[in-house]
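So the structure is just underneath, and the comments pick up after that.
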Amino acid sequence: MTSTLLLAAMAGCSDGESRSVPKLPERLCWGVFADDEITPLMRTGTKAKVWDEPFALDEGLDSVTCILYVDGVERMLVDATRYDFEGEVDWSPWDKAKPQPIDVGERGIIWPNGAGTHIVCEASKSPSEPGKYIEMHLSVDGSPDEKKLRAALPGLLQQLVTFAKNELNCP
């Protein structure tokens, strides 16, 4: 009886279909990333859903987020936050991940499953006068190929930086 159940279970798993990454939107996260850039970094699943809010850091919002869910689990997070002073950009929460510097934006860093940086849209003219600094990071959880992910992160972060500069009219 046990072997019959085991064979039936195995037969159900080998119906000729291999699991794959669910179909992603052609462009995601404010149109920054193409599906063919993100798909190789994702785990398999049956359903993908993207949640993002308008990229409107100049319209009273100080933070915007985009999340890609696969089968209801957060797999990619992209975030941008506006700060008034450059000293408010704080990467210490990633210290445990032992980040390494990368040449993207101002003081870019990369850690095993993510990367971050910031840009200066408008520098403070004095220590008490606010400027406009945009901190950005992205992370991918559960990627099946850590080397591919780590190789892709700087380029993806650079795309986000370029998008933010254009969208926010930064130099």
- Note on the structure: When the charge dipole of the chain is computed with +1 at the Cβ of Lys and Arg and -1 at the Cβ of Asp and Glu, the Cα pointing farthest to the positive end, of Gln159, Ile38, Pro101, is that of Ile38
- Over the chain, give the accessible area per residue in Å² for a 1.4 Å probe, as an integer. 57 Å²
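Over the chain, what is the mean sequence separation of C-alpha contacts under 8 Å (at least six apart), divided by residue count, expressed as relative contact order in percent?
Value for the chain: 18 percent.
Going by accessible area, probe 1.4 Å, with all protein chains left in place, what is the ranking of Ile38, Ile109, largest first? Mind dumping the intermediate values first?
On the way: Ile38 0, Ile109 20 Å².
So the residues, ranked largest to smallest area, are Ile109, Ile38.
Quick one: net charge around Ser124, please, counting Lys, Arg +1 and Asp, Glu -1 for every other residue with C-beta under 10 Å from its C-beta.
-2
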- Correct option for P(r) over Cα pairs in 10 Å bins from 0, in percent [calculated from the coordinates] among [x] 10, 38, 37, 14, 1; [y] 7, 20, 18, 12, 15, 13, 7, 4, 3, 1, 0, 0; [z] 9, 34, 30, 14, 7, 4, 2, 0: [z]
- Bins of 10 Å from zero: percent of alpha-carbon pairs in the stretch 86-170: 17, 46, 27, 8, 1
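Taking only the C-alpha atoms, wrap a convex hull around the stretch 19-73 and report its volume per residue in Å³ as a whole number.
Details: hull volume 4.2 nm³, N = 55.
Per-residue hull volume (Cα only) is 77 Å³.
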- Query: On a 0 to 90 degree scale, rounded to 10, what angle separates helix 146-167 from the longest Cα axis of the chain?
  - Reply: 40 degrees
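Expressed in nm to one decimal, what extension gain is obtained for the pair Thr162 and Lys49 from 0.36 nm per residue of sequence separation less their Cα-Cα distance? Mind showing how you got there, number by number?
Values: separation 113, 0.36 × 113 = 40.68 nm, distance 2.45 nm.
Stretched fully, the Thr162-Lys49 segment lengthens by 38.2 nm.
Regarding the stretch 97-137, what's the average projected area of the Cα-atom convex hull, expressed in nm²?
Details: hull surface 13.4 nm².
Result: 3.4 nm².
What is the dipole size for the chain, taken about its Cα centre, with +1 at each Lys and Arg Cβ and -1 at each Asp and Glu Cβ, in debye to the nearest 20? It would help to have the intermediate numbers written out before the result.
Values: 17 positive and 28 negative charges, 137 e Å.
Result for the chain is approximately 660 debye, rounded to the nearest 20.
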- Query: Rg/Rh for the stretch 38-129: what does it come to with C-alpha atoms and Rh from Kirkwood?
  - Reply: 1.02
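The values are calculated or read from the model by the stated rules, or taken from the named source; none is laboratory data. Note that the coordinates shown come from a computational prediction; the quantities given were computed from them, not determined experimentally. Every residue, glycine as well, gets a Cβ built from its backbone with ideal geometry; the counts of neighbours run over all protein chains shown. Just so you know, the surface numbers come from the protein's heavy atoms only, side chains and all, with ligands and any DNA or RNA stripped out. Shrake-Rupley method; radii C 1.70, N 1.55, O 1.52, S 1.80 Å.
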